[in-house]
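For reference, the structure discussed in these notes is given below.
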2 protein chains.
Amino acid sequence: MDLLTKFSETAGKHSPLEEEIRKLPLPVSSVFVGKDGKVRPAAFRETDMKLVCKGHERIAEVFPRTVEKCRNIVLEAVPFGDTPVPEGKRVAVLFSGGPAAGGHNVLAGLAIALGEKNTLYGIRRGPKGLINGDLFEIRKENIRSIINIGGFDYLGTDRTKIKTDRQFAQVKETVVENKLDGLVIVGGDDSNTNAAFIGEYLQAEGIGCSVIGIPKTIDGDMAAGKFLPISFGFDTATKIFSELVGNLNQDAASAVKYYHFVKLMGRTASKITLEVALQTKPAIALISEEIAEKNMSLEQIVDYIVKIIARRRIRGINHGVILVPEGLVEFIPEMRRLISELNACLAEYERDIHDLPTLENKREFLYPLLSPQSAQLMASLPPDIQEMLILDRDDHGNVKVSQIETEKLLIDKIRFRMSEMKRHADRFFGEGEGKIAATPEQIDGFQKATLSTQSHFLGYEGRSSKPTKFDAAFTFLLGLTAGSLVLAGKTGYMAAVTDFDRGGRILALPLVGLITAEMRKGKEEFVIEKSLVSLESASFKAFSLNRDQWSEQDLFSSPGAIQYWGPTSRQIPVTVALDQGYPDFRDFNLGPEKAIELE
Amino acid sequence: MDLLTKFSETAGKHSPLEEEIRKLPLPVSSVFVGKDGKVRPAAFRETDMKLVCKGHERIAEVFPRTVEKCRNIVLEAVPFGDTPVPEGKRVAVLFSGGPAAGGHNVLAGLAIALGEKNTLYGIRRGPKGLINGDLFEIRKENIRSIINIGGFDYLGTDRTKIKTDRQFAQVKETVVENKLDGLVIVGGDDSNTNAAFIGEYLQAEGIGCSVIGIPKTIDGDMAAGKFLPISFGFDTATKIFSELVGNLNQDAASAVKYYHFVKLMGRTASKITLEVALQTKPAIALISEEIAEKNMSLEQIVDYIVKIIARRRIRGINHGVILVPEGLVEFIPEMRRLISELNACLAEYERDIHDLPTLENKREFLYPLLSPQSAQLMASLPPDIQEMLILDRDDHGNVKVSQIETEKLLIDKIRFRMSEMKRHADRFFGEGEGKIAATPEQIDGFQKATLSTQSHFLGYEGRSSKPTKFDAAFTFLLGLTAGSLVLAGKTGYMAAVTDFDRGGRILALPLVGLITAEMRKGKEEFVIEKSLVSLESASFKAFSLNRDQWSEQDLFSSPGAIQYWGPTSRQIPVTVALDQGYPDFRDFNLGPEKAIELE
């Protein structure tokens, strides 16, 4: 057969790598291994650990049946023992929200846990499919093509939030019509909160269907200390981003002329940025949580960056990589104030502003309504960002904060400041508080240097990669855990794995112990709080202790591509290893590897 | 030692992957292996193959000494035999132009070929360093930290073109002062042409210094059929891009809402786009050479894309990836005409246009000077692109074609066309020539669907990655070849490797056989012609035979990350394998692997 024919036969996702990684064995924690050495479900026992969030009284009112049943106690998996595995159970699973690497291995884990005598259904296109009853049977042999493969495409996904009475009734209809004994929801904080509501609702309706959540988000902000070191997808996404940022580091040092500004996905926490910074050691990495904590203004951030660029230039380094978290703008206190003032104005004067014919009229109308500080800040933003703040609205009539091109805003401001420094060098260089020590030749060099920039946004390419060996193992265990919980008749739990360095410990976290009640804009909201970067954490300390050295000496790293074989294939996020107190991040241990039987 | 301490010690490029890949053995073609099994230089013999470009008479006039000496005959490496390896030679090497993966292994190959008894020098910052005499000695033990590692940062690089008499004299000074016996220039077509000029010049000056070129460019457009299947860096860059495009394919199918428009680096040939298309099988890939050949207009390209989007929508697919080569605009014949008319006007009326105060005045002035076709095309472009065409000039006063955001231009035009199709569905759907067959429900579905787009540019992240196993091996052999050529006293050759499927054949191509003389804007220019995508090639046929199927059925592939261990680590570009007639692209053979001794 000639190569053209061979090549034409590769259509349909069969890359050489995918052909091989489907065959890879997966580690399995001992609790899932029977006496015969086969992978099987686990049973659960109560631990002496409880999960209780602030405002628990209110949660107990809203989720009375779930709270009564689980008593906020964390469960731990134990070997199933000699009792026969339940049979005839029907379990459906859906993906919710943005893709994350490893979703397909959750299906693999579920299929293996349920075995031949129970039935697994896939729900197409997320919550929307649950509402519409769009289910299909997943057989063990279907798993063969998707095991260890990235993406959510086997089921699809969707962002519908199940809120209305009508939607809950539709969910009930799907559960009843399909005689489901279990519903597994793979999603982020919103979806897991939704899972808790569905679980409570089905109990109230007298329907015996277990609802189990699986923690997914590449952002890394769904975590709960020692109970949930990380959600799945974070390891893969940060490794892809670290590969690319590492390459840009190497390219910057090679081409010796560019500053690459890299915005990293993650609208709330800067956990992705922190992990990528530790992996790649760039010239600069901004951490939103630190900027909020230190109450830094936009001008102070610009000042911080420009001074590093200037000091590097003086040391002969005119290139580098600057990491910017996607959610930065909302963590700059003065920007938050401006945006909240704008939102208030736009709500109160919606009609007036709408009726004004030109952008200039709207501007004239708006400025006097702002506080002087916010007006000054607004006026100091580039024209296209001002225009966007005035004209673009989301569905709730608010400013579209996520649309602000933060990295371009920074580049713009940095250019102005650099020009100022070149023209008024005496104010910035020399002896004295806040000035940069430099010889006349060094100042001359700085004045002659140009700032060439490139901006990048990394996000989508990290969501649907093939999972790393860690994420593949982690998600397979999460699937086994969720399947086991359903077989054990548990409801209202989130599957979790801890102790990545010691074989893996399998937990079930009561969802009601993760949810808090909050007043937001005068409305009560139930949320799983995002886990932000703590300035007290070991991972942030590792960053803050080392960053000045990285800036000054260009000590970057380039971690390279995700490996599936060889000595570097078993790494976990360095932030997770530091914060969990593991001895290393270069070799996880989630149990001995097993070939997964999918015949 | 705790993890924080361990972590802090990793500063300075020591990622776990880099620590390991430095130890990897490299394949070595038999011609470089001595009887004792050690790696050593080769000797050269003349083959019966000649390389002669069109206009050779003129080349023979410009490079009389080189042509007389090499007689355009291709040399082939043969084992060195029992004669002792020359000693006391001094050889310098430089990187020129944009980084490409594998540059450091060229240094490794040179160091090994020269051995202990000769001296290797690195030239800092490319041609500029050659002019300024900025050299430093590279010892074998220095190679240990850079072998198999990406980037050009060990030497740095630069884009200075050596043109003036003064510059040639400075090069001579560097060569004479440092008593260089050899000069190795790692670069693209321009740099290799420059190498030929320097070689001729040094001969004319009576200086016995070999000048050898090494073919580097990620763009893949420096190639010469069976003599030079590919330049180094292409394999690595296209694998990085294919990884990312594959991930976006997977993400598009998972999130089921986006079309990702991906612009791929490469200002001339679409070779990168063709390779990435074969690797990833996207919804659409545009090949500039085909568009030029078929004389397609911008509107026809938009039409082609929109019809595929519509047909996919009818089949229930509302997502996908669209690949756009960076150089597209210059291959659209009508755009070429517009740009050349604009350049002519701007040259003739430079002063007039400059003196007009506003953009609107300039526009009024320019339009009557264009042909009606070009005026219409110009007027149909988005305002910011019109503005850019009128205002932005490069150093030669020409339109900055490379700055045109082609993917955004296409997105803009596609949106208009889709709206038109939705409003006037009867003109686009139904029976008849060029119409799309669809049921009323399908048309309704199309009218309700929204087009969500994301645009990406892939380039810098592919230039400085760690080299693939292929590029690492290829560049090591190129370094061995260049070192051997210098020791053999050869000048005016480019190192080349062929037969990647059969142990590697080592060639030296006469540079004067690759260079043509061309009249460009009334000026004679000497160039190595870019190798474009041939519509007759096996690789293009593999694409054109399969692309409709990929568009219609979403049969994408996701090749995943570059591997350094395991069964998928030895791939080469599929376009190269197809065009060279190799039996497969999944396992190269460049000789048995040898541990490289760098003590």
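What follows is calculated from the coordinates using simple rules that are stated; it is not laboratory data. Bear in mind that the values here come from a model prediction, so they are computed numbers and not experimental data. Methodologically, a virtual Cβ is constructed for each residue, glycine included, from the backbone with ideal geometry; neighbour enumeration extends over all protein chains shown.
A few points about this structure:
- Cβ-vector label at 7 Å, residue B:350, separations to other copies in nm: 5.6
- Links that overshoot a 29 Å alpha carbon limit, given the list A:530/B:448; A:23/B:469; A:23/B:281: A:530/B:448
- Segment A:431-503 and segment B:524-599: distance between their alpha carbon centers, rounded to Å: 31 Å
- DSSP bridge orientation in segment B:1-157 - percent antiparallel, rounded to nearest 5: 75 percent
- Full extension of the chain segment joining residue B:78 with residue B:358 gains 94.0 nm, where the gain is 0.36 nm per residue of separation less the Cα-Cα distance.
- Segment B:100-140 versus segment B:322-359: alpha-carbon centroid distance in Å: 42 Å
- Shortest-first nm distances, residue A:1 label point to equivalent points in other copies (7 Å, Cα→Cβ): 5.0
- Cα-Cα over 32 Å, subset of A:54/B:6; A:128/B:422; A:172/A:594: A:54/B:6; A:172/A:594
- Structure-based [θ]222 nm, the protein assembly as shown - -39500 (n - 2.57) summed over DSSP H runs of at least 4, per residue, nearest 500: -13000 deg cm²/dmol
- Distance from segment B:2-24 to segment B:261-316 (C-alpha centre basis), Å: 42 Å
- Taking the fewest neighbouring Cβ atoms within 10 Å as the starting point, the ordered list for B:227, A:7 is B:227, A:7.
- Here's how it looks for residue A:529: its modeled amide H is under 5 Å from those of A:516, which are all 5 or more places away or on a different chain.
- Reachable aspartates and glutamates from residue A:257, criterion Cα separation under 17 angstrom, eight or more residues apart if same chain: A:552, A:554, B:153, B:158, B:461
- On Cα atoms only, tilt of A:165-177 relative to the major axis of chain A in degrees: 40 degrees
- 16 Å reach of a label modelled at residue B:393, 7 Å along Cα-to-Cβ, counting backbone N of segment B:149-174: none
- Between the beta carbons of residue A:544 and residue A:337, assuming R0 = 30 Å, the FRET efficiency works out to 0.70 to the nearest 0.05.
- Environment charge at residue B:127 (Cβ cut-off 13 Å; Lys +1, Arg +1, Asp -1, Glu -1): +3
- Residue separation of residue B:141 and residue B:300 scaled by 0.36 nm, minus their Cα-Cα distance, works out to 51.5 nm of gained length.
- Our estimate of slack between residue B:23 and residue B:350, defined as 0.36 nm per intervening residue step minus the Cα-Cα distance, is 111.8 nm.
- Compared with the rule-of-thumb size 2.2 N^0.38 Å for a compact globular protein, the protein assembly as shown has a Cα radius of gyration ratio of 0.97.
- Between this copy and the others, label points of residue A:527 are 5.8 nm apart in ascending order, each placed 7 angstrom from Cα in the Cβ direction.
- Beta bridge orientation in the protein assembly as shown: antiparallel %, DSSP, nearest 5: 45 percent
- Compactness relative to 2.2 N^0.38 Å, alpha carbon Rg of chain A: 1.05
- Trypsin sites (Lys or Arg not before Pro) within segment A:14-62, DSSP loop, no more than 14 other Cβ atoms inside 10 Å: A:23, A:35, A:38, A:54
- Between helix B:271-280 and chain B: long-axis angle, C-alpha atoms, 0 to 90°, nearest 10: 70 degrees
- Within segment B:313-388, the trypsin sites (Lys or Arg not before Pro) that combine a DSSP coil assignment with at most 15 other C-beta atoms in a 10 angstrom radius are B:315.
- Panel order for B:56, A:424, by other beta carbons found within 10 Å of each beta carbon, from fewest to most: A:424, B:56.
- Distant-in-sequence amide H partners of residue B:320 (H built 1.01 Å from N, under 5 Å): B:258, B:259, B:260
- Segment B:235-463: antiparallel DSSP beta bridges as a percent of all, rounded to 5: 5 percent
- Cα long-axis angle, helix B:234-255 against chain B (0 to 90 degrees, to the nearest 10): 30 degrees
- Spin-label model, residue B:424 to residue A:529: label points 7 Å out along the Cα-to-beta-carbon direction sit 5.9 nm apart.
- Residue order for B:551, A:464, fewest other beta carbons within 10 angstrom first, comes to B:551, A:464.
- Note on residue A:47 and residue B:293: the model spin-label points, each 7 Å out from Cα along the C-beta direction, lie 6.4 nm apart.
- Compactness of segment B:235-463, taken as the C-alpha radius of gyration over 2.2 N^0.38 Å, stands at 1.11.
- Computed FRET value (nearest 0.05) for residue B:537 with residue A:69, which takes r as the C-beta separation and R₀ as 60 Å: 0.35
- Subset of B:216/B:490; A:161/A:523; B:163/B:408 violating a 27 Å alpha-carbon distance limit: B:163/B:408
- Segment B:380-475: GluC sites (Glu not before Pro) in DSSP loop, at most 11 other beta carbons within 10 Å: B:431, B:433
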